[in-house]
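The values are calculated or read from the model by the stated rules, or taken from the named source; none is laboratory data. Computed from a predicted structure; not experimentally measured. We place every Cβ from the backbone using ideal geometry, glycine too, and count neighbours over all the protein chains shown. We work out accessible area using only protein heavy atoms, side chains counted, and drop any ligands, DNA or RNA first. Shrake-Rupley method; radii C 1.70, N 1.55, O 1.52, S 1.80 Å.
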Amino acid sequence: MSDSKKIVALAQLDLAEGLADGRIDRRSFVRNALALGLALPSIAAVLQACGGSEPEAPAKPPEGAAAVDAQPAGPPDLGEMEKELKICNWSDYIAEDTIANFEKETGIKVTYDTFESNEELIGKLQAGATGYDLVCPSGYAVQVLLAIGLLEPLRPKYLTNLGNVAPQFRKTAFDPTDAHSVPWQWGMTGIAFRKDKVKAVPDSWAVFHDPQYKGKLTMMDDMRDVIGAWLKFRGKSVNSVVPEELAAAKADALVAKALLQSYVSAPVKGQLVAGDVWIAQLWNGDTLQAKVENDQIDWILPKEGGVIWCDSMVMPKGAPNKRAAHAFLDYILRPEVGAAISDFTGYGSPNAAATAKMKVPVAYPSDEQMKLLEFQSDLAGASAAWDQIWTEIKAG
Ligand code: N2P
């Protein structure tokens, strides 16, 4: 996105206006603008043009209350239950009857759309007027959406089943007060492969540099995952903003690109099943879905490590059906509903009560496994540099 387009986006998001009339302080403005990838000179220009209030002192928590427990202010009551609900979620990420059962029980009519990457979802929400009541970004994308002011706070009084969530998925780094998100599923990004086609188990990201597999390899159509994998390959963080490390990741990605069949995410499952693709960068749960159709498919976390993520339901700014959105969240937090979702997706449930009811519970990684895994975080000011590298890799 060019800087002029980003300035337009800022205006659309009401940031510049908020800065001018004092609703947004200078610090929040800069944070939000950086999250959009706006270059510093342009931020300075808007600051100069709009003026703005000084950063406010953080609100003091009430006597005896832990700051982390603070809940958002907001209307205490959401009013009547609406008759409709519009959800946008990752593809293949819900049990076949979850929506139908919810509709039957509540009489609420659900419209269910899908997306294939966090960047696609963020782009849709930035463009505005989606009418979505619930969407399901990964943790770092929750941070991005919060930073650019695109989320509504949740009302805990309507979430009676929130206590079922396992402690490690409460008050996370991406939502420290649980004010904006309800965790949906957690999983990992590694390598799916066809046991019957490969010479050896592909236990390193280096397999995407192996010429013997030319044309049988795919990596995900996802900037954070592809560049992140090549950063991990060189022992760096998936959240690196160090120019030399990013340059090395780009070079590795270009070597791999010459051997790849394509960049493809969830739809690669069909190609693995058919045998058109032998080795694919993929999430663990989607791999299990493919394995149901072809048991020659397996998944491995490369020895250099990979990404662990937790995707969460959040309510976009201006969601028209907030009460129904809370009803759906409370519904999926029920143990049997959460268990059915994870049994279908093959992913872990962040819901402890649901995990206990799963047919084959997915255990949270051990401390040893966690040493190989990393959560992604908001790249804030470095997102423009990452975008640029990804554009060059795609074009290269
Ligand atoms: C969708 C799985 C998406 C997980 N099938 C990505 N965080």
- request: Quickly run through region 109-161 and pick out the residues that are within 16 Å of the ligand (Cβ to nearest atom) and assigned to a strand (DSSP E or B).
  value: Tyr112, Asp113, Thr114, Phe115, Leu134, Val135, Ser138
task: For Gln212, state whether it is assigned by TED's automatic domain parsing to the domain that holds Trp230 and more than 16 Å from the ligand (Cβ to nearest atom).
output: yes
message: Checking the condition closer than 29 Å to Ser366 by Cα and of a type in the set (D, E, K, R), which residue from Arg334, Arg323 passes?
response: Arg334
- request: Just give me the residues in region 357-395 being charged (D, E, K, R) and loosely packed, with under 15 Cβ neighbours inside 10 Å, in sequence order.
  value: Lys359, Asp367, Glu368, Lys371, Glu392, Lys394
- prompt: Under 7 Å by Cβ, and 6 or more places apart or on different chains, what pairs join a residue from region 266-289 that is under 17 Å from Gly305 (Cα atoms) with one that is of a type in the set (Gly, Ala, Ser) and modelled with pLDDT under 95?
  reply: none
- prompt: With region 268-344 as the region, which strands (runs of 3 or more DSSP E) entirely inside it contain at least 1 residues that are within 13 Å of the ligand (Cβ to nearest atom) and surrounded by 22 or more Cβ atoms within 10 Å (Cβ to Cβ)?
  reply: 279-283, 306-313
task: Check off (1) within 19 Å of the chain's Cα centre (by Cα); (2) modelled with pLDDT of 95 or more; (3) not hydrophobic (A, V, I, L, M, F, W, C) for Thr130 and give me the number that stays unchecked.
output: (2)
query: Among the residues of region 194-210, which ones are outside any loop (DSSP other than H, G, I, E, B) and crowded, with 18+ Cβ neighbours inside 10 Å?
result: Arg194, Trp205, Val207, Phe208
- request: Looking for whichever is touching a residue at least 60 places away in the same chain (Cβ under 8 Å), more than 19 Å from the chain's Cα centre (by Cα) and under 22 Å from Asn284 (Cα atoms) here; the options are Phe344, Phe328, Phe375. Which one fits?
  value: Phe344
query: Which of the residues belonging to region 113-159 are open to solvent by less than 40 Å² (accessible area, probe 1.4 Å) and of a type in the set (Asp, Glu)?
result: Asp133, Glu152
- request: Could you please let me know if Tyr213 is among the hydroxyl-bearing types (Ser, Thr, Tyr) and open to solvent by 30 Å² or more (accessible area, probe 1.4 Å)?
  value: no
field: Count of residues meeting criterion [under 21 Å from Ala95 (Cβ atoms), in a helix (DSSP H, G or I) and more than 16 Å from the ligand (Cβ to nearest atom)] in region 162-190
entry: 2
